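A.B. asks: Take a look at the following structure, please.
The values are calculated or read from the model by the stated rules, or taken from the named source; none is laboratory data. Being a predicted model, the structure only gives us computed values, none of them experimental. Heads up, the Cβs are rebuilt from the backbone with ideal geometry, glycines too, and the neighbour counts pull from every protein chain shown.
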Amino acid sequence: MDRPKILIHLDTDPQPSVFDAVVAVDAGVDHLLRHAGVGPEAVLDLVHGAMFTRGPEDLKHTAIFIGGSDVAAGERLLSAVEASFFGPVRVSVMIDSNGSNTTAVAAVLAAGGHLPLAGCQALVLAATGPVGSRVVRLLAREGAEVRVGSRTLARSEATCAAVAAQVEGAKLQPLEINTREQLAAALDGVQLLIAAGAAGKELVPAEALAAAPDLSVAIDLNAVPPAGIAGIKVTDRAKDRDGVTTYGAIGVGGSKMKIHKAAVRRLFTSHELMLDAEEIYHLGRQLSESHLNE
Ligand SMILES: NC(=O)c1ccc[n+]([C@@H]2O[C@H](COP(=O)([O-])OP(=O)(O)OC[C@H]3O[C@@H](n4cnc5c(N)ncnc54)[C@H](OP(=O)(O)O)[C@@H]3O)[C@@H](O)[C@H]2O)c1
């Protein structure tokens with residue numbers, strides 16, 4: 001008989017994410033053990049509790065989920081978790097701090113359903129945040145030429161450096177975008193636009209898209225009015241707007257939820273998985289188009 005599925009949720013925030021807890025339950029987790037305010041110093045004991053309680057054949061029924069609003073803090077936890085394992089004595093781990101991985105994966109998969117990502121000219125706005133930086137990383141891995149937009153050149157350069165360190169041969173261009181002229185220059189020749197700005201911040205006014213005659217796909221991940229890209233509705237899902245295929249945050253969110261649940265379920269198929277952006281992207285690709293579009 002299979003052991004119950006136990007998910008140990010390590011959250012860097014003072015209160016563990018309710019969102020992630022609901023998704024875990026909906027993904028079929030039998031027992032959710034939630035730990036809040038977790039820092040790297042607390043990880044060893046927590047992970048050993050997961051590793052040493054079940055025999056080797058049952059380790060795949062225990063897994064670790066890393067969440068919380070601070071992605072950098074989540075990544076520090078992930079390193080500490082990895083360092084706590086030894087040899088084959090380990091359990092599977094997923095990181096999705098702030099929903100950054102599952103959201104970025106859903107957005108890039110949506111884009112890739114409409115145009116070839118390899119070699120495409122892409123602009124990611126507010127690319128320095130948790131979601132945007134993962135979008136840049138995934139696009140760069142797919143061979144896109146990515147313009148990395150930020151209000152601050154230094155932040156854009158820092159994101160480019162971080163992605164370049166992870167993706168060999170990444171084609172990235174840091175851009176500071178604060179004025180209409182800078183936005184128009186950034187949009188010139190772009191086929192794919194993904195806006196990953198903070199909630200309720202308009203990054204692209206309606207008239208600005210005139211500077212992007214080659215635009216094929218535009219995705220806005222901001223769900224809070226006003227839209228990040230004027231003219232895109234939050235519910236847009238492969239909507240044709242003047243020849244541009246558009247997605248809004250809710251349009252992307254349905255796929256994100258399916259990918260998140262599938263990733264949690266996948267954790268319990270092995271004791272040695274590590275699900276970060278790339279692995280979740282790979283998993284998302286395996287889900288059929290029809291399944292994601294249901
Ligand atoms: N659809 C979904 O399922 C889903 C899931 C999760 C998140 N989201 C949404 O995805 C978006 C990105 O999430 P996130 O966590 O990465 O966002 P975030 O950290 O709140 O902000 C992302 C970036 O927005 C820029 N920004 C911040 N304040 C701004 C302001 N006042 N004006 C203009 N730009 C500003 C910053 O970039 P610079 O400083 O470099 O300019 C920041 O790095 C958010 O709108 C979030 O709500 C959607």
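A.B. asks: What are the pairs with Cβ atoms under 9 angstrom where one residue, in the range 121-149, is farther than 12 Å from V167 by Cα and the other, located anywhere, is among the β-branched types (V, I, T) and near the ligand (Cβ under 7 Å from one of its atoms)? Sequence gap at least six, or different chains.
C.D. replies: T128/T152; P130/T103; V131/T103; V135/T103; V148/T128; G149/T128
A quick yes/no check of all residues on (1) of a type in the set (A, V, I, L, M); (2) over 23 Å from the mean Cα position of the chain (by Cα); (3) over 14 Å from H114 (Cβ atoms):
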{"position": "G169", "(1), (2), (3)": "no, no, yes"}
{"position": "G189", "(1), (2), (3)": "no, yes, yes"}
{"position": "K201", "(1), (2), (3)": "no, no, yes"}
{"position": "L209", "(1), (2), (3)": "yes, yes, yes"}
{"position": "I229", "(1), (2), (3)": "yes, no, yes"}
{"position": "D242", "(1), (2), (3)": "no, yes, yes"}
{"position": "T245", "(1), (2), (3)": "no, no, no"}
{"position": "A249", "(1), (2), (3)": "yes, no, yes"}
{"position": "V252", "(1), (2), (3)": "yes, no, no"}
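A.B. asks: Mind checking whether some residue in the range 59-71 is of a type in the set (G, A, S) and at pLDDT below 95?
C.D. replies: Narrowing the range 59-71 to residues of a type in the set (G, A, S): 63, 67-69.
Of the ones still in play, those that are also at pLDDT below 95 are 69.
Checking the range 59-71: at least one residue is of a type in the set (G, A, S) and at pLDDT below 95.
A.B. asks: For the range 1-105, please list each of the helices (runs of 4 or more DSSP H) lying entirely inside it that holds at least 1 residues being among the polar types (S, T, N, Q).
C.D. replies: Details: elements: 18-26, 43-51, 71-84.
Qualifying helices (runs of 4 or more DSSP H): 71-84.
A.B. asks: Further question: Only one of G143, G119, G132, G113 is surrounded by fewer than 23 Cβ atoms within 10 Å (Cβ to Cβ), in contact with a helix residue (DSSP H, G or I) (Cβ under 9 Å, 6 or more places away or on another chain) and closer than 30 Å to T245 by Cα; which? Write out each step before concluding.
C.D. replies: Details: G143 fails: in contact with a helix residue (DSSP H, G or I) (Cβ under 9 Å, 6 or more places away or on another chain); G119 fails: in contact with a helix residue (DSSP H, G or I) (Cβ under 9 Å, 6 or more places away or on another chain); G132 fails: surrounded by fewer than 23 Cβ atoms within 10 Å (Cβ to Cβ).
Answer to the selection: G113.
A.B. asks: From the list S84, S92, S97, S79, which one is among the polar types (S, T, N, Q), more than 17 Å from the chain's Cα centre (by Cα) and within 16 Å of A263 (Cα to Cα)? Don't jump to the end; show me each part of the working.
C.D. replies: Working: S84 fails: within 16 Å of A263 (Cα to Cα); S97 fails: more than 17 Å from the chain's Cα centre (by Cα); S79 fails: within 16 Å of A263 (Cα to Cα).
After applying the criteria, what remains is S92.
A.B. asks: Could you list all residues from the range 125-165 that are β-branched (V, I, T) and assigned to a helix (DSSP H, G or I)?
C.D. replies: Of all residues in the range 125-165, those β-branched (V, I, T) come to 128, 131, 135-136, 146, 148, 152, 159, 163.
Once the filter is applied, which keeps residues that are β-branched (V, I, T) and assigned to a helix (DSSP H, G or I), the range 125-165 yields V131, V135, V136, T159, V163.
A.B. asks: Okay, next question. Of all residues in the range 204-236 being within 30 Å of V25 (Cα to Cα) and touching a residue at least 40 places away in the same chain (Cβ under 8 Å), which is nearest to the ligand (Cβ to nearest atom)?
C.D. replies: Applying the filter and picking the extreme gives L221.
A.B. asks: I'd like the full set of residues that are outside any loop (DSSP other than H, G, I, E, B) and farther than 22 Å from R237 by Cβ, limited to the range 182-219.
C.D. replies: To start, the set of residues in the range 182-219 that are outside any loop (DSSP other than H, G, I, E, B) comprises 182-187, 192-195, 204, 206-211, 217-219.
Passing the criteria: Q182, L183, A184, A185, A186, L187, E207, A208, A210, A211.
A.B. asks: Looking at the structure I just gave you, is E168 of a type in the set (D, E, K, R) and surrounded by 16 or more Cβ atoms within 10 Å (Cβ to Cβ)? Outline the logic, then answer.
C.D. replies: Values: of a type in the set (D, E, K, R): yes; surrounded by 16 or more Cβ atoms within 10 Å (Cβ to Cβ): no.
It is false that E168 is of a type in the set (D, E, K, R) and surrounded by 16 or more Cβ atoms within 10 Å (Cβ to Cβ).
A quick yes/no check of all residues on (1) touching a Phe, Trp or Tyr at 6+ places or on another chain (Cβ under 8 Å); (2) of a type in the set (A, V, I, L, M); (3) at pLDDT below 95:
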residue: A165; (1), (2), (3): no, yes, no
residue: L175; (1), (2), (3): no, yes, no
residue: V190; (1), (2), (3): no, yes, no
residue: L209; (1), (2), (3): no, yes, yes
residue: G228; (1), (2), (3): no, no, no
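A.B. asks: A follow-up question, please. Determine if the range 101-114 includes at least one residue that is farther than 17 Å from I280 by Cα and modelled with pLDDT of 95 or more. Step through it out loud before you land on a result.
C.D. replies: If we filter the range 101-114 for residues that are farther than 17 Å from I280 by Cα, which is where we start, we get 114.
Next, only the ones that are modelled with pLDDT of 95 or more stay: 114.
Yes: one or more hits.
A.B. asks: Sticking with this one: Quick check, is A161 more than 19 Å from P116 (Cα to Cα), of a type outside the set (D, E) and surrounded by fewer than 16 Cβ atoms within 10 Å (Cβ to Cβ)? Before you say what the answer is, go through the steps one by one.
C.D. replies: Numbers: more than 19 Å from P116 (Cα to Cα): yes; of a type outside the set (D, E): yes; surrounded by fewer than 16 Cβ atoms within 10 Å (Cβ to Cβ): yes.
It is true that A161 is more than 19 Å from P116 (Cα to Cα), of a type outside the set (D, E) and surrounded by fewer than 16 Cβ atoms within 10 Å (Cβ to Cβ).
A.B. asks: Name the one entry in P213, P130 that is farther than 22 Å from H282 by Cα and at pLDDT below 95. Break it down stepwise before answering.
C.D. replies: Working: P130 fails: farther than 22 Å from H282 by Cα.
Unique residue meeting the criteria: P213.
A.B. asks: Same structure, new question: Is it true that A184 is surrounded by fewer than 17 Cβ atoms within 10 Å (Cβ to Cβ) and either within 12 Å of the ligand (Cβ to nearest atom) or not charged (D, E, K, R) (or both)?
C.D. replies: Details: surrounded by fewer than 17 Cβ atoms within 10 Å (Cβ to Cβ): yes; either within 12 Å of the ligand (Cβ to nearest atom) or not charged (D, E, K, R) (or both): yes.
Yes.
A.B. asks: Restricted to the range 238-250, and to residues that are touching a residue at least 24 places away in the same chain (Cβ under 8 Å) and either in contact with a Pro (Cβ under 7 Å, 6 or more places away or on another chain) or on the phi < 0 side of the Ramachandran plot (or both), which residue is surrounded by the fewest Cβ atoms within 10 Å (Cβ to Cβ)?
C.D. replies: Once the filter is applied, the top-ranked residue is I250.
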